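The values are calculated or read from the model by the stated rules, or taken from the named source; none is laboratory data. Everything numeric here is computed off the predicted structure, so don't read it as measured data. As a convention, Cβ positions derive from the backbone with ideal geometry for all residues, glycine included, and neighbour counts pool all protein chains shown. Quick note on the areas: whole protein, heavy atoms, side chains included, nothing else; ligands and nucleic acids left out. Shrake-Rupley method; radii C 1.70, N 1.55, O 1.52, S 1.80 Å.
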Amino acid sequence: MNIPNLIKMANQIGAFFEAMPNHEQAVKDIAAHIQRSWDPRMRAAMLQHIGDAGDVELSPMVREAFLLVKKAG
């Protein structure tokens, strides 16, 4: 998987939902979009990258969303 591309895509998704007035709902919606739209291999690669290298390249909302994605398994 191309991690820089996945990071870019995740941050673009986050930027779209950033305009929502309810932060908690926006984070849930980002996580739901990633779970629904990303191939399981993409999610696994991103979670592996976060585990190995951290999440500093992700926007704060996307970081929170990936915590939900990780919990959902």
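Here the Kirkwood formula puts the hydrodynamic radius of the chain at 11.9 Å, using every distinct Cα pair. For the chain, carbon and sulfur atoms together expose 55% of the accessible surface, with a 1.4 angstrom probe and every protein chain in place. In this label model, K8 and K28 are separated by 3.2 nm, measuring between points 7 Å along each Cα→Cβ vector. Once the C-beta distance of A53 and F16 is scaled by a Förster radius of 25 Å, the resulting FRET efficiency is 0.55 to the nearest 0.05. Accessible surface area normalised per residue over the chain is 62 Å², counting heavy atoms of protein chains with a 1.4 Å rolling probe.
How long is the gain from M1 to A44 if the chain were fully straight, where each residue apart is worth 0.36 nm and the alpha carbon distance is subtracted?
Extending this stretch completely gives an extra 14.5 nm.
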